[in-house]
Each structure stands twice: as C-alpha cells, then as structure tokens.
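Heads up, the thing below is written out as structure tokens.
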Amino acid sequence: MVTPSEQPQDLSTPSGPILREPSERSPEHAEPSRFLPHVQGLRAIAVLLVVLYHFWPGRLPGGYVGVDVFFVISGFLITGHLSRELVLTGTVRLGQFWARRARRLLPASLLVLLFCALVAMTPYLTPTSAVASQVREIIASTFYVENWYLALTSADYLNHQGDPSSVQHYWSLSLEEQFYVLWPLLMLAAAWVATRWVRGRVRLAVMWTLAGVALASFAYSVILTATDPAPAYFVTFARMWEFGLGAMIALIPALRIRSAWASFALGWAGIIALLYTAFSFDGQTPFPGYAALLPALGAAAIIAASNTERWWYPTRVLALRPAQFVGDISYSLYLWHWPLIIIAPWVPFWGLTIYHRVALLALCFVLAWLTKRFVEDPARRWKVLTERPARVTLWAALAAMLVVAGTAGTAWAINAKAYADGVAAIEQVRENPPECFGAALVLDEGCADADFAGVILPAPGFAGVDRPADEECFVQLNDARPVSCEFGSVDSDAPVVALVGDSHAFQLLSTFQQMADDNGWRLVTFFKGACPWNTTPLATGGAFGASCDAWRAAMTAELEALDPDVVFTSALATTPYASSGSGSTHDAAVAGYEEAWSEVTTRGIPVVTVVDNPVWETDPNKCLRTRDAAECVGARADVLVTDDPLRDAADAMAEVTLLDFTDVYCDAQWCYPVVGGANLYRDQDHLTVTFVNTLAPYYTAALREALGEASSG
C-alpha cells in the first residue's frame, strides 16, 4: 500500500532537466514534487471504506472496494515517479527505489506483525486451535506472499466461515509489494525496447506496455472471477489492471482534467461511484471481475479531476484538514484496525456492543497516529540507512523480517504441546464421553439430575478444530463436481445410506461414519458448501449460483444411479433463496425442498432430515473463554430461525421423517452454547463433532426405522 507520506506530484510537465541525481536520494526525487491534497483525501476515503466495512459489514457491505482505490492510487503515484526518472535519467535505480519502499513500508508493517506474533503466543488472546494457521499467515505476511497463501488455500475473503487470522488483511499489502517489484522491471524492459527499436520514445513505449499488461490482467480477472472466484480475489495478475488504470492517468496528460466544469463533474461522479459500490455491493457480488471496474474508475475519476477553483469542488473538499489527517495515518490505520477487530473479542471482559466497537475504532485511530508519528516518519529519515548504500537498507529489512518470522515460530513452539494435548482431549472425550454428556442431559429422562459443574468439552480455545477430517469430500465455491465419498461396510448387500447437503450436512460426517461402522451400513456422501439439496435457485446468482444448480443436477443423477435405501439431508436455515415466482422466498424454498425430495420418495426411498441448529452472530467460544457459560447464552429470538423452510417441507411430506433437536439447543427464552458439558459450536453456526456424537443414538434410531419401512415396502 502506498504510504500516506508519499506525496503526489504535478505530473503535467517536468520542472527542468536534471544533470546529476544525488546518490543518496531515492528515484522519485528525480524532480521536485507538488503535493496534491485531493489524492491524499482520496486515500482517506479508501481507508475509511475498508475500516467501516470491517467494523460494521452489515451497514457498509461493499466497503471492501477501498482496497481497489488504494491500488489505483498506487499505480498513479509510482508510475509517475518512475516514468519521470526514466525520461530524465534513462534508467531506474532499482536498489534505491526498493530501499526507499522498504524504509517507508516495513517498519510499521513489521511492528504490527510482531504484535500479532506476540499475541499468538498468549493462549488468553489466541485460541490454541488457531495458533498453527495464525503462525503460517504471519510468516507469509512477513515475506509478502499472504495473497498467494490465501489463494492457494482457497480462502473466501467475502464469505468466510469462522474467524480469519489477525493478519489476513496483509493480502493487499503483499500484492502491493509485488507490484513494487514487478512494475519498475516492466517499465525498464519497455524503455530498453524503446531505445533500440522505437526511436527512443520511452514514455510511449512504457505507456503501451503497461496498457497491454492492464488489458490482459483485466481479461484474466474477469475469466478467473467467473471460474474460480476465491483465488481471483487474491491473485496478483488478476489485480494488476487496477494499478495500470492509475498508471494511465500518470502517463497520459490528457486524462488529467483541468477544465473547471469537467473536473467538478468528474470528481463528484467518482465519489458517488465509490459510495454507491460501498452501499450496494456485498459478499455475493462477483468480485473483482467486471464489478471492480466501477470503484476503480471512480477512484481514477477523482484522481483525474485536478481543478481547485471553488470550495465545493471535490478537489477542495478532499483537501479539508480532517480528510488530510485520515489520509496521513491511513497506512497505519489499515495495519492496526484488523488485528484489533479479531483479537478484541477474545480479551477478558470485552463485549461486542456498539460502545465497544466505537471505543475500539477510536483506539485504532490513536495507534495509527502514534505509529505514524514515532515509527513511520522517523524510519524514513533514519540516517543510519539513508546515508548508506541501498543494500544496507535491504539487508536490514531482511534481518527484521527474519526476527518477526522467528517470533512467530516461537509462538508455535510455545503452544505446540497445548495443541497436542487439545487433540488428545478431543479424541478421549469422543471415545469415552461422560455419562449423560451433551444431548443426553435433555433427551434422556434418566439424566435430569446430572450436573457437569462448569465442564466444557472441547475447551473453548480448542473447539475450532473439532470438525470432520475428510474435507476432500466437501466441494466449495464454483466447484460443481458431484464428489462422493464412501465409508462403512463394503458388503454389496449392506443398506446404503446417502448423506446429502451443505456444510450443515457435512458437520454430521464423522458421526455418521461411526454409525455406518457400528450398524453395517454403506455410507455415501455428497456435500457442497452453501448449496442445500433443493431445486429452488439461490438468491446469490452469478457463477456460484450456476455452480450450485449444476452440482444439484449432477448429484441428483448420481443419487439416482446409486439407488440408496435412505437419504439423510441437512441444511443451513438462513440460506438465501430466490423467490422464483412464489409468494415469498420462504415459500420458494419449501417448494424446492419438496420437489428435490420427491425425486427419491416417488421411487420408494425415504428421506430423513433435521431442523437446523441456531446460528449465532459470532462464535460463542469467544465468550466462553473469558466468562461463565451462563453469561454466554443467546436470546432464542435472535439466534434460532423459527421458520426453517426445511421443517415446513418435511411436515408436508408423509415420506419424510423430521428430527427436531431445538429443545436440546434452547429453552423457551434462551439458546445455550454448552449443554451437558458439551461445547456445541466450533464457530458461529457449525456444531462440534463431539456434540454431534451425542445425537448419534437419535439419528441411528430414525435411520433404522426408515430402513425398516423401505425394506418392508
């Protein structure tokens, strides 16, 4: 990310030829600069969009486009710096350029990473189950490859389940650092070609080279967003066109608008475009792809609007002192806000009320100002580095990065034994659960007087890993393959149980594997994330909606060929469906379940299903780590979906058996995160395997009854 201290320059004409560049100065000082306050104000808009989106995603669902604004600003500023040096000196002094970037960006960046590494050491602030992934991402962020780590692990930035790491926001910083490495090399290559084959027209050669890269990047972004959206969000080349858009404004004088009325209209149109995307885009918007054009063009329009004649022009409004202050601290504000959002809920006695969020936001501003004042600014002027060759800065940067990475590694070493003990504890409670443990406390009349005296298994700091292990059976995002897995009996005469659905069906997998082994069943599974077994299209639409439809069709064909003896299905009650001509989305969802299930019930195959579990606003384990379980309850009206369409569909079909464990999760007023000593949730809406195992007798009884009906019919 371009730091707030990088001063935009007047790119219209060079101030004069430079005969000799002082060796101690970095390339962007190849000519004097003139500050452009409206670009600094645009940086303030960008960081506020991102920060407010992360604090209140429901209020500003498209605020993530602020990152795209930063990319356009970076392309504009850095291309302007480098192109002037190329034209005036014939080259780019790469060592000096990279050293200056390191002095400006790394001190604050590594400070925040060091803070996150120290937090990862502390079991009171980081759940033990998250330490391994936290350490991996801190190391990836330290060496500026976090975007590739997230792309390769298929993280879904806009629709993640559970909490991401405290450094996930470093994906954009990683991408920017890669831009700083690649962009001057591209420009040097273009200049080399120009001096040999294009009559020395360096600026023109650079412009066409970067324009070609930008166009190719945009095409790649559109295709990858449609075919594989998760990595598309992070992959470097899918974002390079946004830097290229800013570069064109720097390289083409005609794009910098001096006309008063045109500048006024263009600047306000850009601001309106950014506000529109911030409030209308959301996690379901296919992004980046075509959708990223609007915020990127909006940012470009604001940069291009250069006239400052009247106070109501956007160039003057963005130059107001509050906007300049936020722009000044924007880099550090971006660095600090996300770790604090992730870490704060784990702090003892910290709540999630609006007052806590406002206080945390204020703390972010204070830390950002302090970091700017005492870390960013002094580090840029540190004579120990600025008065020495560039390689001294680069070696010092590498040494500092190794210190941060080593601290992160130490965090894992400190917690490794606790992690191993946590795994062993989960295995032990699964194999030998206490009497009346979990659901039995409510469903078994003989357990009415059982008292678990504050027992919580698995421990709140370790519930996050208590999940099914066979993730290869679970397809996600745009993957439409009807992947099936088989468990249990290999006997050709064994009853075939099909387990079908979304992640709320997948959460049952480990329990159903054990049931299949115990009862001599052959278990066959079909899972796709966020895609229930239903014929009604999702409201999501786009590439994911199409992949869900394709998966359903392919899975139905596989299910028909399989010809199971019984089908068990489960689904998230809050899945967004299209209305599809029905009176409401609820009615459409009910009709879709009935139609999907009828495809097997009409062939005499019974269906067993279950009412969905509560869905919490945030992971209850955050509360359980610092408070008594009695203080961590959720109001039934807030966390339980009472009009689950799956329930209504099952009630309307005689061939469908409905299981309802609502009384296990909730009483008339409250829903509970711990029942009979069992920790119910591994995140805000997925159950732990340990708890699901306590429901196994009731699942088994329902399937046995259904299998008996199927065999007799």
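The values are calculated or read from the model by the stated rules, or taken from the named source; none is laboratory data. All of these numbers come straight from a predicted model, not from anything done at the bench. Here the Cβ positions follow ideal geometry from the backbone for every residue, glycine too, while neighbour counts run over all protein chains shown. When the accessible area is computed, the model is the full protein with side chains, heavy atoms only, and any ligands, DNA or RNA have been set aside. Shrake-Rupley method; radii C 1.70, N 1.55, O 1.52, S 1.80 Å.
Rank these by accessible area, largest first, 1.4 Å probe: HIS54, HIS337. Show your work: numbers first, answer last.
Numbers: HIS54 25, HIS337 0 Å².
From most exposed to least exposed: HIS54, HIS337.
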>> Please list, ordered by chain and number, the residues whose modelled amide H lies under 5 Å from the amide H of THR688; skip anything fewer than 5 residues away on the same chain.
In response: TYR681, ARG682
> Going by alpha carbons, how many degrees (0 to 90, nearest 10) lie between the helix axis of 202-227 and the longest principal axis of the chain?
Replying inline: 10 degrees
> What list of ³J(HN,Hα) couplings, whole Hz, do you get for region 606-617 from phi and the Karplus terms 6.51, -1.76, 1.60, once you set θ to phi - 60° and write x for glycine and proline?
Replying inline: x, 10, 10, 9, 9, 5, 5, 7, x, 10, 8, 5
>> Amide H of LEU457 versus every other amide H placed in the peptide plane: which residues, excluding those fewer than 5 positions away on the same chain, fall under 5 Å?
In response: ALA678, ASN679
> Relative contact order of the chain: what whole-number percent is it, with Cα pairs under 8 angstrom and at least 6 residues apart?
Replying inline: 15 percent
>> Per 0.36 nm of contour for each residue apart, how much would the distance between ASP444 and SER492 grow if the chain were fully extended, relative to their Cα-Cα spacing?
In response: 13.7 nm
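What fraction of the DSSP beta bridges in the chain is antiparallel, stated in percent and rounded to the nearest 5?
Numbers: 12 of 34 bridges.
Close to 35 percent.
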> ³J(HN,Hα) across region 253-262 via Karplus (A = 6.51, B = -1.76, C = 1.60, θ = phi - 60°), whole Hz, x for Gly/Pro?
Replying inline: x, 5, 7, 9, 7, 9, 4, 4, 5, 5
>> Taking a ≥ b ≥ c as the square roots of the Cα gyration tensor eigenvalues, with a/c under 1.5 meaning rounded and otherwise prolate when a/b beats b/c, else oblate, which class fits region 300-435?
In response: oblate
> Among PHE691, PHE281, what's the order by accessible area (1.4 angstrom probe), most exposed first?
Replying inline: PHE281, PHE691
> What angle do you read, to the nearest 10 degrees and between 0 and 90, between the alpha-carbon axis of helix 354-371 and the longest principal axis of the chain?
Replying inline: 30 degrees
> Near the amide H of LEU538, under 5 Å away, which other amide H atoms are found, from residues 5 or more places off or on another chain, if H is placed in the peptide plane?
Replying inline: ALA578
> Separation of region 552-601 and region 211-259 by C-alpha centroid, Å?
Replying inline: 40 Å
> What Cys residues in the chain are without a partner cysteine, judged by a Cβ distance under 4.7 Å?
Replying inline: CYS116, CYS364
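Assuming a ≥ b ≥ c are the square roots of the Cα gyration tensor eigenvalues, decide whether region 580-621 counts as rounded (a/c under 1.5), prolate (otherwise, with a/b larger than b/c) or oblate.
Values: a/c = 4.93, a/b = 1.48, b/c = 3.32.
Verdict is oblate for region 580-621.
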> Ordered by residue, what ³J(HN,Hα) values in Hz, to whole numbers, does region 321-328 give under the Karplus form 6.51 cos²θ - 1.76 cosθ + 1.60, where θ = phi - 60° and Gly and Pro are x?
Replying inline: 4, x, 5, 5, 4, 5, x, 4
> Once Cα Rg over 2.2 N^0.38 Å is worked out from the coordinates, which option in (1) 1.07; (2) 1.18; (3) 1.02 does it equal?
Replying inline: (1)
>> Is the C-alpha gyration tensor of region 276-360 telling us rounded, prolate or oblate? Criteria: a/c under 1.5 is rounded; beyond that, a/b larger than b/c is prolate, otherwise oblate.
In response: oblate
> Hey, how many Å between the Cα centroid of region 608-652 and the Cα centroid of region 383-410?
Replying inline: 49 Å
> Okay, which of region 111-136 sit inside 13 Å, backbone N to the point 7 Å along the Cα-Cβ direction of ALA416?
Replying inline: 132
>> Going by Cα centres, region 134-155 and region 322-350 are how many Å apart?
In response: 20 Å
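With the full set of protein chains in place, find how many percent of the accessible area of the chain is carbon and sulfur; take the probe as 1.4 Å. Let's see the in-between values first.
Details: 17340 of 28740 Å².
Roughly 60 percent, rounded to a whole number.
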> What's the angle, to the nearest 10 degrees (0 to 90), between helix 509-519's Cα axis and the longest principal axis of the chain?
Replying inline: 30 degrees
